[in-house]
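The values are calculated or read from the model by the stated rules, or taken from the named source; none is laboratory data. This one's a predicted model, so the numbers in the text were calculated from it and none came from an experiment. Methodologically, a virtual Cβ is constructed for each residue, glycine included, from the backbone with ideal geometry; neighbour enumeration extends over all protein chains shown.
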Amino acid sequence: MFTIDIDTGGTFTDGFITQDGELNTVKVLSTPHDLTVCFADCIREAAKQLNLPVTELLSNTAVVRYSSTIGVNTLITRTGAKIGLIVTKGSKDTIYAKDQKEAAPIFDLISRDMVIEVQEGVNDKGGITNSLNKDKVIESMQYLIDMGARAIAVSLKNSHLNPVHEKQIKKMIKEQYPNFYLGSVRVFLASEISDQPGDFYRTNAVVINGYIHDSLVRYLYKAEDELKVNLYKHSLMIAHSHGGVARVAKTRAIDTFSSGPVLGLLGAAKMGKLYQLEGVMTVDNGGTSLDLGLIRHGTLPYSYNPQISGLPVNVPMIYTVSRPLASGSIAHLDGSKNLQIGPQSAGARPGPACFNLGGLEPTVTDADVALGLLDPDYFLGGRVKLSKDRSLSAIRAKIADPLKISVDEAAHLIRITAEKRIENEIREFLKRQGVQEFEQSHMALIVFGGAGPTHCCGFPDRLGFSQILISPYSSVFSAFGSSTTDLLHMYTKHVQITLCDGVNYLTEYDAFNQVVKENMEFAKRDIQGEGFSLDDAFFYLDLVGDNELGGVRITIKSPLIQSESDIQRICSEFRKAIGSQVKKVTVSTIVLNAVVPMPHFELKKHPLTSQDPTRALKAKRSVFWSPEFGPIATPIYERDRLLPGNLVVGPAIIEARDTTYVIPSDRSLSVDEFCNGIIKEA
């Protein structure tokens, strides 16, 4: 059976298709107007490579896993649904934030006149202090409908402790506007998105979820229907930002946010484990964004209070950072004639000038073409022909002539400016993560994305990483990361359970185990509802410490506490994780993870051959490396013909079907037994 993993980015849609340990990679242009078009294009291209009809490929496929930028694009372009928001009386202006300034970003997604207050009350212990007035609720809801609300978000104060009023409002709305009415509206409850404390965070989360929901529904169900029409027998699995997949019907819109960059981090974790790396910095340099991630001691960086488009939420996600800096970023001069890269991107349509699709602005990709680093006749293995003349024309008109320099010098300036900005972004990211220089010197840099191998030698010199690793699947690395995922459901519960008060350990486990057992029932129901057997499932816990423990998260394999020794072991893990001998240990969140393993692609080990890469040499090409040396006849190697053990010393260009490696004169690339490229100082 085949496995198909697809990741749609802002510029390209990537596919990773495997069968019996063999694989094919696919890269097609994304279609921002309808992402299901590039989804289908990716599958068609895969079938073409395999010399199969699409129906035969899909009828013999065990799983299709999909991640996309639909949610991100909807937020960036502000094309989400018109949302009405119901909050507790007295909260309209600040939406539970500490002041109006902190609340301001949420009003980019929802206008102030679409926020309605209702009289109700739940105290800090979950007790009801003021009941709802049904007539007032219906009146408020009717106002929002009349104002054009396509969805209603309900976020009431302290609903994480007692969601009864939120549920009552949802029931009232559904009774007033049943599903079979054309005027029925979607209702999203903050307590269903998160049970964590923080009314402001929870409100942000439910508004974002409602805002992007329609876009996700429209595209994901359409994509699934397209699969079924072509004889795919199973559910389409959607990547979640917590690191697993689930079917469309079990996916909340907010769960998909930033899932593509997260999958790249999962792929890096797979490589880190392969090499037993203590620390890994990941750089995903694609067509639209630069995505950064960090893995320490083999642990993925979960955040329980991440930010989405500047809005803090309390939905657990694997932490990555995205910046508008990539190969499609537009180069331009500011008022002082200083070169700037981005934040605007040419995207896939019209794309860089060299795409010949109407783009007139020079991009980093145009600079790479102008310098001779990219072969315009071999882009995507020759499937797409680029126009070098259009790159040169755009750079000349927008950069070279205004600065009174040559086109080659202008293209080189674009390239080094972009790489310097990437270096600065990495440096700032590591600083925020508290990475010390000593730790950094023992970390590997794993680079991927279509432009990752092209630019990776231009920014790590002053960062001090031990080595650069590049997978042969680097251009479709998030799709590769997708191939490592399993079905995963996470069930969180906010608690305050003290396991050790500093002297005595907890001896009554019922409250803890009751939370776990209740969530186990939800998990079993969901797994069976998705058509999987409980015999294939396994469960484990993530426990989050309270503020005194710094919100540290630890993983426990056994879901239930059976003895005091279990408590002691958990407390010991917390103390080890926080790096101190803190005496009191209190758990603030219990997370039950329910996993059903799915087919994975495993990296194969190959015997090493000689260092001589001559068999992979294609030709020589004039490349402008720097104004100091000018154009240099540079050897061009074919990536697919490099064997484990081969060593390529720069200056050199290595061309794959979906990316290009640029190796300057002070660097070399060796191919190891896993066919990964390792770049070091020559």
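Among the residues of the range 448-475, those that are surrounded by 24 or more Cβ atoms within 10 Å (Cβ to Cβ) and either more than 18 Å from residue 662 (Cα to Cα) or in contact with a Pro (Cβ under 9 Å, 6 or more places away or on another chain) (or both) comprise 470, 474, 475.
Where in the range 1-106 are there strands (runs of 3 or more DSSP E), lying wholly inside it, with at least 3 residues that are aromatic (Phe, Trp, Tyr)?
Numbers: elements: 2-8, 12-19, 22-29, 61-67, 83-88.
Strands (runs of 3 or more DSSP E) meeting the threshold: none at all.
If you scan the range 287-301, which residues turn out to be more than 15 Å from residue 434 (Cα to Cα) and out of contact with any Phe, Trp or Tyr (no Cβ under 7 Å at 6 or more places or on another chain)? Answer for the range 287-301, where residues must be more than 15 Å from residue 434 (Cα to Cα) and out of contact with any Phe, Trp or Tyr (no Cβ under 7 Å at 6 or more places or on another chain): 288, 289, 290, 291, 298, 299, 300.
Tallying residues that are in the same structural domain as residue 499 (by TED's automatic domain parsing), basic (Lys, Arg) and not in a strand (DSSP E or B) within the range 578-614 yields 1.
Residues are listed down the side, and each one gets a yes or a no for (1) modelled with pLDDT under 95; (2) farther than 25 Å from residue 323 by Cα; (3) assigned by TED's automatic domain parsing to the domain that holds residue 451:
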residue	(1), (2), (3)
348	yes, no, no
354	no, no, no
366	no, no, no
382	yes, yes, no
385	yes, yes, no
392	no, yes, no
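Number of residues in the range 317-345 that are closer than 22 Å to residue 447 by Cβ and hydrophobic (A, V, I, L, M, F, W, C) equals 6. Against the criterion of being surrounded by 24 or more Cβ atoms within 10 Å (Cβ to Cβ), in contact (Cβ under 8 Å) with a residue 60 or more places away in the chain, under 30 Å from residue 354 (Cα atoms) and hydroxyl-bearing (Ser, Thr, Tyr), residue 289 qualifies. May I ask you to list the residues in the range 243-296 that are touching a Pro at 6+ places or on another chain (Cβ under 7 Å) and modelled with pLDDT under 90? Hit for the range 243-296 is 289, nothing else. Any chance the range 530-550 includes a residue that's more than 28 Å from the chain's Cα centre (by Cα), hydrophobic (A, V, I, L, M, F, W, C), surrounded by fewer than 20 Cβ atoms within 10 Å (Cβ to Cβ) and in a helix (DSSP H, G or I)? So far as the range 530-550 goes, yes, one or more of its residues are more than 28 Å from the chain's Cα centre (by Cα), hydrophobic (A, V, I, L, M, F, W, C), surrounded by fewer than 20 Cβ atoms within 10 Å (Cβ to Cβ) and in a helix (DSSP H, G or I). Residues that are outside the structural domain of residue 672 (by TED's automatic domain parsing), of a type outside the set (Gly, Ala, Ser) and under 27 Å from the mean Cα position of the chain (by Cα) do not occur anywhere in the range 497-513. Looking only at residues of the range 503-529 that are of a type in the set (A, V, I, L, M, F, W, C) and assigned to a helix (DSSP H, G or I), we find that the one that is nearest to residue 565 (Cα to Cα) is 512.
Right, residue 446: at negative phi, assigned to a helix (DSSP H, G or I) and not aromatic (Phe, Trp, Tyr) or not? Answer is no for this residue. Comparison of 408, 377 shows that the only residue that is in contact with a strand residue (DSSP E or B) (Cβ under 8 Å, 6 or more places away or on another chain) and acidic (Asp, Glu) is 408.
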